[in-house]
Structures are given as structure tokens and as C-alpha cells.
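Taking it in order: structure first as C-alpha cells, then the write-up.
The values are calculated or read from the model by the stated rules, or taken from the named source; none is laboratory data. These numbers come from a predicted model, not from an experiment. Please note: Cβ atoms are built from the backbone with ideal geometry, for glycine as well, and neighbour counts cover all protein chains shown.
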Amino acid sequence: MKKLLSMIFLTLLVAGVSAQNPDQKWSLGFFGGKTVYIGDLGSGINEWDPFYFHGALQLSRYLCPSFDLALQAEYGAYGYYESSASNFLADKTDGALLLRYKLNNGYLLKEDALIAPFLTGGFGFASFAGESGRTRVDGWDAIIPLGGGVRINITPGFALQYQVLYNFTGGDNRDLEIEPEKNDHFLSHAVGLVFSFGKPRDSDGDGVSDKLDRCPDTPAGVSVGPDGCPFDSDGDGVPDYMDKCPRAAGLEAFSGCPDTDGDGIEDAVDKCPEVKGLPALLGCPDSDGDGIADNDDKCPNVKGLAELDGCPDTDGDGITDADDRCPTDKGPVQLKGCPDSDGDGVADIDDRCPDEAGIAANKGCPEVKEEVIKVFTQALTGILFETGKDIIRPSSYAILNNVVNVMNDNPVYNLEINGHTDNVGDDAMNLDLSQRRAAAVKKYLADKGIDPARMTSQGYGETTPIADNNTAAGRTRNRRVEFKVVF
């Protein structure tokens, strides 16, 4: 049981109820209780019969969390009875100015503690009128009340209070008994009701008293919650009335608006809100550092030019490297960025004769000269072989030597050597014979110093006649070796 009572008492000590405070500075208390005589005749501290009653009125003013100032007026009876010869009875009226030290000052106990002990002391005056024995006594003297008590704060404006005051008096004539250095004192026990009044302070006028207001400087007209703070719907620490984005958690630096990628640019103006970027590019990244945002850069990982959508143009010919066949050499658009040194419309990269104007059919080289055509025309009928064999007749050497001279004079020429037969004999044999004869011509030219890599040989047998195989003259023309210049 003792443990239970102790726990209840401690709970009451720390429980919070609003008491006399800066919002309710004034309180008025009504008290009643017992007055105890302590004097030359004896002491009534332990005596309850007779019971000497008094009533009191107390007006107090809040000074600070630790102190209240109170003005108290008290009226009632007090006395002492031991025998008809040794008794004392009187009425007394006293008033005192009291200074109360509160233990619920925020240091020892919370200011709004339910149970609020206090110490008190002050200075005042007391008058008395009555009889001691059969002799009338009356007068007044100064008093110094010292004591303490406890206030139980029931509601914000109502409390129960008990206090006891030991009143030291300045005289020894109340009971007509005089003992040196022993004045007549009295003790008062009182229980009462205390009513606090005053309008709670609400500095910002938001309907929440300053005592409960965690945000006492809220601007007028702003809606607040029970704690007196403005609503913060998104919980970002920026109140709704200051939050430009009240439904999305953001940063104070951006008036409550978010910066999802943390690049210092709020999402509302960030063209790339989920990727860190640069202020100059409205929050978009520039991986290659060419001043063009990656989302606008067709070549985001290589420095380029704005006019080419961020792609490079190494040779500065206005064609991006990716589309430029010659990215390191300036050239016209129609040649895909490649130069044409001889101006023949064939890009140098494709031109077998880049320094001499030619035609596209010859890969940029000039048309085959008439004298060359004449040499190759003579070869059509002038190169003769042993019958049915791939052995060149010596009479053909002069023509072949002319071909050698042409190849030496024109190093850009490559030569296709094509062998043909008439239709006499087996087809397969004719094909084989034409191939061997073409190869024999190639070997002859190679033996004369022409690079074999510049020549190819191929046999076509009787498949491509140029004359009628039904006549001897036609068959003679069909048995031939053709030369074709390629570049």
C-alpha cells in the first residue's frame, strides 16, 4: 500500500495542469481553517477542542516562474483554555504581504505540475480583542508569517490549496502573561479554493495561447494546428503558407519545392530533374563538356559543335565526323566530306589518279588514250598460239611488247586478260584452253617486268563469240585474247 501511495504521489507531482501563470497572472483564494495559540500560557498545537476557526481571503499576483506576491486578510478566533483561571480567548484580524516561492518553477518541477509545493513568508500587522481570565485585552502588533503549503491544480483556472503559517508577533500582551524574551505567537492552518483568472496571452492571435504555442510568431491569418504552428502538409519543414510546393516535400532554399537530383536547381525549372546537371544548361548534364546538354547532344560523349547538334567536325568542313568519309580532310558535301584535288568529281579517296582529272568510269583517271586502244585492238587478232596449245607464237611477241610498254607508261592501269576460242571441239576443252592461253599471256607480261598484282587472267571458252563460228573468218576472229584496262 505504501508503494502504491508513493507511486500515486510521484505521478501527481509530475502530471501537468495549467496553474497561475503568465497567462493567468491573478488569482483569488478563499480559505478556512484553525488558528493555534502559542504563548505564555502554553501551546495548542496538539489541541483540537476547542476549535478556533478563522477565514481568509488571499489575492495573489504572478511575478515569474519562481515567485508570486500575495496580499492576505484573515479574521477569526483564537485562544487557549487550561482552566477557568488560566485561559485566553480573543478575536483577531490580520493582514500580510506574502512572497511565495514555488517549487514548480521549471527547475525543480514543471511549471504546470498538478501538485505544486511552495514556501512563503512576509510581513504584516494583526489586531486582537478579547479576554484573558476576566480581563479585557486588545491591541495590535506586527507579524512575520513564515510557512509553506501545496497547491493542487485541478483545472487551468481552479485549484485546491493548503497552507500553514507560523506568525511571529512583535508583542507579549495578548494573554496578559509576560515572560521575558517570549512573545505571543500563533499558527494558522488553512484549506481553500483558488481561482485564477486572466485571458491567456496569444501574441500572434492564432487561437493558441503562447504557453502552448510552439510557433508564437505566426503571421496573421495563417491556419495553424493544435500546437500553434502553421500546417506543413508535405512535412518538409516549410509551412504551407510559405511553401510554393505544399504537396511535395522540398527544400527551404527553394521555398519548399523539391530538387530531386540534388543539383541545386529546383525541379520546376530543371529540364533534367532526375539527373544532376549544370545551371547554365537548366539542370541537364553535359558529359563531354562541349556546352551542349546531353539530351540535345547527338554525340554526348564526344565534344562537338552546337550547329552540328553536339557532334564533332575535326576538319571543319561542316560535315560531322560520323558522316564524313574523310573526317581529317576538308571536302565538299557532295563527296561526303572528302577532297577532290583534281576537281574531276571523284573524291581523292576513290580517285586512282587524284592529281589528274578523269572520269568516274575510270575511277578518276583519264580516258584510255587512242594509242593504247590501238595496241589492244591489234592484240585481238595479232596474238597467235600453236594449234590446240597455250604456246605463244614468236610472231606475237612484238604486240605483247607493245602491251608491256603501255603498262610501264601508265602505272595506274590494271589489266584484265581474257581468253576466248571458237566452237570447234569439246566445250570443256575449249574453256580450259582459253584459260591456259590467258594465263600464258599474263606470264609473258610478268616475265617482262609487269607486276602480276596488276593483272588478272580468265578464260571464257566459246561462250562469248564476236563473229559467226560457221565461217572460217568468224572462227578466226573468235580465237582471240582481249585486254581490258581497269583502274
Handout entry: Residue that is nearest to N167 (Cα to Cα) [pool: residues in segment 26-42 that are surrounded by fewer than 16 Cβ atoms within 10 Å (Cβ to Cβ) and either aromatic (F, W, Y) or free of Cβ contacts under 8 Å to residues at least 24 places away in the same chain (or both)]
Key = F30
Practice task
With respect to G419, determine if the residue is closer than 30 Å to D348 by Cα and small (G, A, S).
Solution key: no
Practice task
Please verify whether segment 57-65 includes one or more residues that are among the aliphatic types (A, V, I, L, M), more than 60 Å from the chain's Cα centre (by Cα) and over 22 Å from G198 (Cα atoms).
Solution key: no
Practice task
Could you check, for segment 151-158, whether at least one of its residues is out of contact with any Cys (no Cβ under 8 Å at 6 or more places or on another chain), outside any strand (DSSP E or B), buried (at least 16 other Cβ atoms within 10 Å of the Cβ) and at pLDDT below 95?
Solution key: yes
Problem - The listed residue being of a type outside the set (S, T, N, Q) and over 30 Å from E482 (Cα atoms), out of D350, D315 - result: D315
Exercise for the section: Write out, first by first residue and then by second, each pair whose Cβ atoms fall under 8 Å of each other, whose residues are 6+ apart or on separate chains, and whose first residue, in segment 451-471, is in the same structural domain as A438 (by TED's automatic domain parsing) while the second is β-branched (V, I, T) and part of a strand (DSSP E or B). Expected result: M455/I417; T456/I417; S457/I417; Q458/I417
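Conditions tested, residue by residue: (1) over 30 Å from G32 (Cβ atoms); (2) buried (at least 19 other Cβ atoms within 10 Å of the Cβ).
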| position | (1), (2) |
| --- | --- |
| S188 | no, yes |
| S203 | yes, no |
| S209 | yes, yes |
| V224 | yes, yes |
| S233 | yes, no |
| D243 | yes, yes |
| G256 | yes, yes |
| D259 | yes, yes |
| V269 | yes, no |
Exercise for the section: Filter segment 440-469 for residues that are farther than 19 Å from D390 by Cβ and of a type in the set (V, I, T) and give the result. Expected result: I466
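Matching residues to (1) under 25 Å from the mean Cα position of the chain (by Cα); (2) exposed (fewer than 14 other Cβ atoms within 10 Å of the Cβ):
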{"site": "V275", "(1), (2)": "yes, no"}
{"site": "G283", "(1), (2)": "yes, no"}
{"site": "G289", "(1), (2)": "yes, yes"}
{"site": "D294", "(1), (2)": "yes, no"}
{"site": "C299", "(1), (2)": "no, no"}
{"site": "G304", "(1), (2)": "no, no"}
Handout entry: From A126, A73, residue being farther than 19 Å from I38 by Cβ, over 59 Å from the mean Cα position of the chain (by Cα) and at pLDDT 90 or above
Key = A73
Exercise for the section: Write out, first by first residue and then by second, each pair whose Cβ atoms fall under 7 Å of each other, whose residues are 6+ apart or on separate chains, and whose first residue, in segment 411-439, is closer than 13 Å to T463 by Cβ while the second is in a loop (DSSP other than H, G, I, E, B) and of a type in the set (F, W, Y). Expected result: N418/Y460; G419/Y460; H420/Y460; S434/Y460
Practice task
Give segment 454-473 a look and list any residue that's at pLDDT 95 or above and in a helix (DSSP H, G or I), or say none.
Solution key: R454
Exercise for the section: Identify all residues within segment 363-392 that are aliphatic (A, V, I, L, M), farther than 30 Å from D350 by Cβ and either assigned to a loop (DSSP other than H, G, I, E, B) or within 60 Å of the chain's Cα centre (by Cα) (or both); write none if there are none. Expected result: I383, L384, I391
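For (1) part of a loop (DSSP other than H, G, I, E, B); (2) modelled with pLDDT of 80 or more, each residue gets a yes or a no:
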site: F168; (1), (2): no, yes
site: G171; (1), (2): yes, no
site: G205; (1), (2): yes, yes
site: K211; (1), (2): yes, no
site: P216; (1), (2): yes, yes
site: G221; (1), (2): yes, yes
Completion exercise
Within segment 264-287, residues being at pLDDT 90 or above and of a type in the set (D, E, K, R) number 4
Exercise for the section: Would you confirm whether any residue within segment 86-94 is over 30 Å from K199 (Cβ atoms) and assigned to a loop (DSSP other than H, G, I, E, B)? Expected result: no
Fill in the blank from the handout: Of V441, V406, the only residue that is outside any strand (DSSP E or B), in the same structural domain as G382 (by TED's automatic domain parsing), of a type outside the set (K, R) and modelled with pLDDT of 95 or more is V441
Completion exercise
All conditions in (1) out of contact with any helix residue (DSSP H, G or I) (no Cβ under 9 Å at 6 or more places or on another chain); (2) closer than 24 Å to V486 by Cα are true of Y413 except (1)
